[in-house]
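J.: First the structure, which I've put down as structure tokens, then a few questions once you've had a look.
Every read-out reported here was derived from the displayed coordinates using simple, explicitly stated rules and does not represent laboratory data. Since we're looking at a predicted model, the values are computed, not measured. Here the Cβ positions follow ideal geometry from the backbone for every residue, glycine too, while neighbour counts run over all protein chains shown.
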2 protein chains.
Amino acid sequence: MISINATSDPSLRSWVESANSPDSDFPIQNLPFGVFRCGGITESSQIGVAIGDRILNLSSSCQAGLFQGLPQEIQEAILASNLNLLMGLGQIAWSTLRDRISNILRWNGETTPAATASLIPMSDAEMLLPASIGDYTDFYASIFHATNVGKLFRPDNPLLPNYKYVPIAYHGRASSIFTSGTSIKRPSGQTKKPDEQIPSFRASQRLDYELEVGFFVGSGNELGQPITIEKAEEHIFGLCLVNDWSARDIQAWEYQPLGPFLAKSFATTISPWIVTKDALAPFRCPAFQRAKEDPLPLSYLSDSDNTQLGGIDITLEAFISSPQMREQGIEPLRLSRGSFKQMYWTIAQMLTHHTSNGCNLRAGDLLASGTVSGESDSARGCLLEITQGGSSTVELPTGEVRSFLADGDEVILRGYCEKEGFARVGFGECRGMIRLDT
Amino acid sequence: MISINATSDPSLRSWVESANSPDSDFPIQNLPFGVFRCGGITESSQIGVAIGDRILNLSSSCQAGLFQGLPQEIQEAILASNLNLLMGLGQIAWSTLRDRISNILRWNGETTPAATASLIPMSDAEMLLPASIGDYTDFYASIFHATNVGKLFRPDNPLLPNYKYVPIAYHGRASSIFTSGTSIKRPSGQTKKPDEQIPSFRASQRLDYELEVGFFVGSGNELGQPITIEKAEEHIFGLCLVNDWSARDIQAWEYQPLGPFLAKSFATTISPWIVTKDALAPFRCPAFQRAKEDPLPLSYLSDSDNTQLGGIDITLEAFISSPQMREQGIEPLRLSRGSFKQMYWTIAQMLTHHTSNGCNLRAGDLLASGTVSGESDSARGCLLEITQGGSSTVELPTGEVRSFLADGDEVILRGYCEKEGFARVGFGECRGMIRLDT
């Protein structure tokens, strides 16, 4: 059951002033979780919650007694160095903790709230991976993305016969997932150009980003015990942005018959703040409406709650900034804007499908949606689609053109939810720059 | 550099009598590492070394002072609950420790060696995963397997154009890797028979095993820092057997375009003892000799050491035992026998390729070879190949027939090295039974 609770009340105000700005990603109605440290690699990592331009340090808040009365398990999970323990506690614990944090940060007339001492400027913190990610799985849940990409290879028959039945996915590489801001080294690999007889090992010439949404597994399941579609959302802790960097030339040469491997495993970037399902509750919407001629999902992927509220209306944007643009003080150029509500498969369907063979998920596992592309041409979530396989170019404000990413280019993903009568809930940014020294 | 040291001396004898039997998998020349516990799930897991039909408990040996004088890092790693720390220490540490263990277990005329108290019967121990496996990668390194499988789909053109250039691989699922003896629940999933218009969700009817060799990463590499072919073996801690259980009907319907997913992620079984490179040194052999018309590996996958000694001559066997066979006291039936030396790509080439895009490996990561099939028909490492896609059957001694695995069937993988003038070095068994209650 997806329901909106009092923590989403738009009339709530925080004593952290910056959180009350209408265009803040992190008002008191959001309260996303992350892991940070201050003062370099010798310092320990701690769990925090974003509020305006500040972070509430949950660890020091707990030591100050602000979580007194909450179950011992929650207090222990708050003191951990990442979110895995908290993720494993389940929805009741997550909502209980959110309610308390909302109370701590709420403006109630006191001039010096006790939590002031636990507040840190975001600019002083280094954001780390929110969880130890055991396994990372990447789906292919946008039918528009699958169709656009398929057209490049099979113009007359872009979509494979299994697409409308199977939430297609592949296992990704967990070790190379990093948080926003980590620079990306252009990968080398085997590539073979159409006019070449044999492949060469060289730097990728078709480096791309993919705009995706990720979701973290909360409580897991035992091996051999699938999670039903009715229960699927209970196992999801929250969502983030994902940039699934892709080397298209490496991918084209390597992917038959076992799928993408080195074309993806050199780096994946995620946004550091995990936005919870409670925060997203006001923005739930019907699952993608299939065309009349489309088959219904098989019954294990189908229930009425999922049909009615399985979608989430998250606006997603990708921007690019070249070194020249930054030198000239030009703002990043928006490459696309779309919505997560246009995904063919819901997050519940992806999770249920993943476990339908008995595969066990663990707290902290990351599932990602695959490239989020929408129906319109302005909602294509990667350069491969935007430039139709590199056959056209994007013009930057400096007059530069791009078919794929150049060294020094920075890609910035943004996500936010806006709805009349509710506070804006944002994801912050997911940034990554292609290193110049590669 | 691969060289044979004094710990492989065939004249060495152990005071553990069972280790001196010529057909023991675990003589004093082997000394594989594993993780075990005695007395149920409340007991802690400890590192041990197999010797004959016993386990030397390294933790209690260390507490008894048997590792005195070794560097502190090694003693700490020995006391850990899994092998990740030791794996991360690198080749010099591994060889130093092996040398000491060989000394501890060597017969030198004492009647009551100090280590006697640290010896445990294997039958009293429960073997656990040897390491926390961060990422699991499965290759496709047998050209015979790739050709046999390719023929089922493309009789005239079985091998894809990239095969002889690219050590093809895909990311596997780490969470569902278990040790030998774990029972396997037949997975359900979407399958579509040739005569059906739409898929159904049902129990797999084409459940298969895959006979593979796995190797554990020791010291890893930083993101963006590839490991050269010359250095690759230094990063490999040791080898084990792997059964990559596969649901062929689920695989056929799901695998386009992103590769196998639920067809594999329901379970992977590994043998519990990791045989080190030092133990395997006597059995090194030239890398697979390519046909004259085959291309040479690209230079990043090529060096003379790898050509001369990149292979390992491990005999690999798969057996099946049905419930009827067990009831009638009939021994398991051998389905195949081949050698790991027939793999098209060496373990060094697989590891170097994996990092060639800058992907970071971590201590405890598992890489597997893919199905080991040889040139001869009797060396086919899975039922898909043996029964040519299920079009023929294997006859069991009871008169039963199998195209794929039936409930209650047990698959047993065995591996061992034998060579004139050296002690046998075995891998033990990798067992798994398809549950009857599914």
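J.: For the protein assembly as shown, what is the calculated [θ] at 222 nm in deg cm²/dmol (nearest 500), taking -39500 (n - 2.57) for each run of four or more DSSP H residues and dividing by its residue count? Don't skip to the answer; put the middle values down first.
T.: On the way: 22 runs with 160 residues, N = 876.
Rounded to the nearest 500, the figure is -4500 deg cm²/dmol.
J.: Using r as the Cβ-Cβ distance of A:Ile92 and A:Thr147, and R0 as 60 Å, what FRET efficiency do you calculate, to the nearest 0.05?
T.: Values: r = 40 Å, r/R0 = 0.67.
After rounding to 0.05, the efficiency reads 0.90.
J.: What is the packing order of peptides B:326-332, B:180-186, taking the mean over residues of other C-beta atoms within 10 Å and listing the highest first?
T.: Values: B:326-332: 11.9, B:180-186: 19.3.
Ranking, from highest mean packing down: B:180-186, B:326-332.
J.: Along the charge dipole of chain B, Cβ charges K/R +1 and D/E -1, which of B:Gly415, B:Ile4, B:Leu119 sits furthest on the positive end?
T.: B:Gly415
J.: What is the packing order of peptides B:385-398, B:368-381, taking the mean over residues of other C-beta atoms within 10 Å and listing the highest first?
T.: Highest to lowest by the protection proxy: B:368-381, B:385-398.
J.: Give A:Lys264/B:Lys193; A:Lys341/B:Lys192; A:Lys164/B:Lys151; A:Lys151/B:Lys164; A:Lys193/A:Lys264; A:Lys185/A:Lys277 a once-over and call out the pairs whose C-alpha atoms are over 23 Å from each other. Mind dumping the intermediate values first?
T.: Values: A:Lys264/B:Lys193 32 Å; A:Lys341/B:Lys192 29 Å; A:Lys164/B:Lys151 28 Å; A:Lys151/B:Lys164 28 Å; A:Lys193/A:Lys264 19 Å; A:Lys185/A:Lys277 34 Å.
Cα-Cα > 23 Å for A:Lys264/B:Lys193; A:Lys341/B:Lys192; A:Lys164/B:Lys151; A:Lys151/B:Lys164; A:Lys185/A:Lys277; rest within.
J.: Please give the average number of partner chain Cβ atoms lying within 10 Å of the Cβ of each residue in A:174-184, rounded to a whole number.
T.: Rounded to a whole number, the mean comes out at 3.
J.: Could you work out the mean projected area of the convex hull around the alpha carbons of segment B:6-128, in square nanometres to one decimal?
T.: Average of the hull's projected areas for segment B:6-128 equals 7.5 nm².
J.: Test of understanding: ordering B:Cys417, A:Cys38 by Cβ neighbours within 10 Å, fewest first, what list do you get?
T.: Ascending Cβ contact count within 10 Å gives the list A:Cys38, B:Cys417.
J.: Sort the following peptides by mean Cβ neighbour count (other Cβ atoms within 10 Å, averaged over residues), highest first: B:119-126, A:160-167.
T.: The packing order, highest mean first, is A:160-167, B:119-126.
J.: So what is the relative contact order for chain A, in percent, with contacts set as C-alpha pairs under 8 Å and at least six apart?
T.: Details: 1046 pairs, mean separation 93.5, N = 438.
Answer for chain A is 21 percent.
J.: For B:158-170, what's the mean count of beta carbons from other chains sitting within 10 Å of each residue's beta carbon?
T.: 5
J.: When the Debye formula is applied to the Cα atoms of segment B:136-433, each taken as the same point scatterer, what base-10 log of I(q)/I(0) results at q = 0.08, 0.10, 0.12 Å⁻¹?
T.: Taking Cα atoms of segment B:136-433 as identical point scatterers yields -0.33, -0.53, -0.77.
J.: Let me ask something else about it. For the protein assembly as shown, count the residues as N, evaluate 2.2 N^0.38 Å, and divide the Cα radius of gyration by that value, please.
T.: Cα Rg divided by the expected 2.2 N^0.38 Å: 0.96.
J.: Show me, for segment A:346-358, the HN-Hα J-couplings you get by feeding each phi into the Karplus relation (A = 6.51, B = -1.76, C = 1.60, θ = phi - 60°), rounded to Hz, glycine and proline as x.
T.: 7, 4, 5, 5, 4, 5, 5, 4, 4, 9, 5, 8, x
J.: Another one. Only four residue types carry charge here, +1 at the Cβ of Lys and Arg and -1 at the Cβ of Asp and Glu. Report the dipole size of the protein assembly as shown about the Cα centre in Debye, rounded to the nearest 20.
T.: Dipole of the protein assembly as shown, to the nearest 20 debye: 520 debye.
J.: Out of all DSSP beta bridges with both ends in segment A:136-433, state the antiparallel percent to the nearest 5.
T.: Rounded to the nearest five, the antiparallel share is 90 percent.
J.: Please list, ordered by chain and number, the residues whose modelled amide H lies under 5 Å from the amide H of B:Tyr140; skip anything fewer than 5 residues away on the same chain.
T.: The answer is B:Ile168.
J.: To test your reading of the geometry: what angle, between 0 and 90 degrees and rounded to tens, separates the Cα axis of helix A:143-153 from the longest principal axis of chain A?
T.: So the inclination is approximately 20 degrees.
J.: For segment A:222-305, divide the Cα radius of gyration by the Kirkwood radius and give the resulting Rg/Rh value with two decimals.
T.: Using only Cα positions, Rg/Rh for segment A:222-305 is 1.05.
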